[in-house]
Each structure stands twice: as C-alpha cells, then as structure tokens.
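So the structure is just underneath, and the comments pick up after that.
The values are calculated or read from the model by the stated rules, or taken from the named source; none is laboratory data. These numbers were taken from a predicted model, which means no experiment stands behind them. Positions of Cβ are backbone-derived with ideal geometry, glycine not excepted, and every protein chain shown enters the neighbour counts. All accessible areas refer to the heavy atoms of the entire protein, side chains included, with ligands and DNA or RNA removed. Shrake-Rupley method; radii C 1.70, N 1.55, O 1.52, S 1.80 Å.
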Amino acid sequence: TSQFTPSGPGTGLASGPSFPPGPTPVDNPAGGVGDHPIGGLSNIKGVFVIAAPFQYKVEYATNTAGPWTPIKTPVNDYRFNPGFPPPPIFLYYTRIPDVNGWYNVADMGLDGPDYLTDWQTPAAVNDQYYLKLTVRNAALTEFESPIVPVRVDNTAPTKPVIKLQLQTPDGKRRTLGCCETVEQGKGNLVIISLQASDANFSQITVNLLGGCGASYSIVDTGGTSLSKTYNGDITDTGYPVPTEFAWNPWAAGISPCCYLIDVRIYDRAVVDDYWSGGHANENWQSITIA
C-alpha cells in the first residue's frame, strides 16, 4: 500500500521491490512514466497480520463510506502432490470464494501466500476507487485493513484533433485541407492547432513523417516542442482545449516533400498487470512542403 499515493496513482519500482499490480519501470515523470492508475484485470496482493486467519475478502467502492462490493474472481493455484512419486509433482486447482466473497486462507497454495485475488477493474467514468481487505478468524471476528485509494483507467485518450492554417505575412489565415501544398514565399507560418487529452495523461508526440524515412520533431517559432510529457504534474491532461502553435517549416530546414503531421497521445495506465505505455490514440494530417 505504500506504493499508492493518497490520491490513488501507483508508483513504480523506484519506490519498492514490486508494484502490485504488475511491474513498471523506475519512475521517470519527465519521460511520462509514473503515477500509474490501473486497468484491466489487476492482481491484488496483501498479507495477514492477525493470529490464525481463517477467511478473507477484498472489496472495492467509489466512496470510503461504501457501499462495498466484494471481488469474487476465481483464483488458479497449485500445490505439491502429497502422493508424489508417481507424477504429477504439482496439483492444480481453483480457489473460489463463497457468495459473499470470502476466500479460505487454508486454500492458499504455492502461487503465493500474499496472492489475494484478481480484480476486473470497472470500466466506469468515475476513476477514483477504494480497496479494503477484511480478515476473520475461526470465531468470525472481523479485522479490516486501512482503506487504500486507487485510480482506475480503462479508457483511451481522446482522438487528437488537428487543424492546419497558412498565415501570410499580412496576418491573414486560410485553412489547409488534406494533402495541400504550402510554398515558401506564399506564406510565412503554418499554424498548427491541437486538441487531445486524458485524465491520466502521460505524453503526446507531434512529429513530421515523410519523404524517404524522414522524421522531424515539430518545434514552434518560439523554440517550444509540440511534444511533451506530464513531467510529474498529474493535473496536466495534455491539450484539453485547442492550442495553437506557429511553425515555420522553411526556417526549420524541412526538405521539400510530402509529409504527415503525426500526433500520438498516451496515458499512464498499467493494464492487465503489464506496463506497455498505457492506452493510446493517434491522428494525422498530410501536408506538402514546397
């Protein structure tokens, strides 16, 4: 639980030996890695600190006051075969909770004494959730863990919206359609408007792709790259409103050719116990530089 921040996002290996659910790289906010929400089917681990635990259940809620919903996912497990030899050396079985979500501690095998359950995280708009472990002894006396906040993210970022305009020296603009050609001397700036966001924004890349394998990172006339990461600011959601950048492809030394302005956005979610860069979305628009 020390690897979840008070607002819910989990931290990576920089803060501990492992990250339930799933391993992540060392936190690198400048590179878009860190403050991870969870998504998909997530492994929930924990330990018992009471004497003679008999049963346990893991519950989730959208409010610390409840109502609480028990997680009832069947858990695959295995044990040494007491009759070995002959083979098999292991016996495989499934741990199934009762109708109220109680798992038997005695059923926990070699898959780990801390393997509590797997949570199919909700695909909901409300992405703030809370987890709680309850353990009881044979006398059915119950002991509750502290409530653990988690962030759940099962949605991709919004599809990027790209708008291109050509600005002439007199300040007038005209909208550029797909595959339009812009010529040096007939306009001094290309105005790029971007809109793409996610509540758990990781990074957005804006690149010029084309020619014979050419790739350029687009930088505006003020020297600011259109690509960016959240850089540790969890309030940064990307470009939630249309944001304009002035770009001079001729001053940037772009070779005359046909190109795509390619925009890709990623979130920070660890999905199905695996970090692969989170959910993503992308869009592009063609342009010819002449």
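Structural remarks
- The number of residues in the stretch 261-290 that are over 16 Å from Leu166 (Cα atoms), hydrophobic (A, V, I, L, M, F, W, C) and open to solvent by 20 Å² or more (accessible area, probe 1.4 Å) comes to 4.
- Subset of the stretch 225-239 (residues that are open to solvent by less than 70 Å² (accessible area, probe 1.4 Å) and either hydrophobic (A, V, I, L, M, F, W, C) or modelled with pLDDT of 95 or more (or both)): Ser225, Leu226, Ser227, Lys228, Thr229, Tyr230, Asp236, Thr237, Gly238, Tyr239
- Residue count, the stretch 240-256 (criterion: aliphatic (A, V, I, L, M) and closer than 18 Å to Lys172 by Cα): 1
- Of all residues in the stretch 146-179 being closer than 18 Å to Gly46 by Cα and open to solvent by less than 40 Å² (accessible area, probe 1.4 Å), the one that is nearest to the chain's Cα centre (by Cα): Val150
- The number of residues in the stretch 64-104 being under 23 Å from Val47 (Cβ atoms), outside any strand (DSSP E or B) and open to solvent by 30 Å² or more (accessible area, probe 1.4 Å) comes to 8.
- Residue pairs meeting the criteria (Cβ under 8 Å; at least 6 apart or on separate chains; first within 26 Å of Cys179 (Cα to Cα) and without any contact (Cβ under 8 Å) to a residue 60 or more places away in the chain, in the stretch 253-277; second assigned to a strand (DSSP E or B) and among the charged types (D, E, K, R)): Asp262/Glu282
- Just one of the numbered conditions (1) more than 17 Å from Asn28 (Cα to Cα); (2) open to solvent by 20 Å² or more (accessible area, probe 1.4 Å); (3) not small (Gly, Ala, Ser) is not true of Ile191: (2).
- Within this structure, Thr205 fails the test of being of a type in the set (Ser, Thr, Tyr) and open to solvent by less than 20 Å² (accessible area, probe 1.4 Å).
- Set Tyr129, Tyr103: member being touching a Ser or Thr at 6+ places or on another chain (Cβ under 8 Å), modelled with pLDDT under 95 and aromatic (Phe, Trp, Tyr): Tyr129
- Number of positions in the stretch 239-263 that are more than 15 Å from Ile192 (Cβ to Cβ) and within 33 Å of the chain's Cα centre (by Cα): 1
- Residue in the stretch 127-137 that is more than 30 Å from the chain's Cα centre (by Cα) and either part of a strand (DSSP E or B) or over 27 Å from Val49 (Cβ atoms) (or both) present: yes
- Matching entry among Gly238, Gly213, Gly232 (being without any contact (Cβ under 8 Å) to a residue 60 or more places away in the chain and either on the phi > 0 side of the Ramachandran plot or among the small types (Gly, Ala, Ser) (or both)): Gly213
- Ala196 open to solvent by 40 Å² or more (accessible area, probe 1.4 Å) and in contact (Cβ under 8 Å) with a residue 60 or more places away in the chain: no
- Taken over the stretch 144-170, residues that are part of a loop (DSSP other than H, G, I, E, B), touching a Gly at 6+ places or on another chain (Cβ under 7 Å) and free of Cβ contacts under 8 Å to residues at least 60 places away in the same chain amount to 1.
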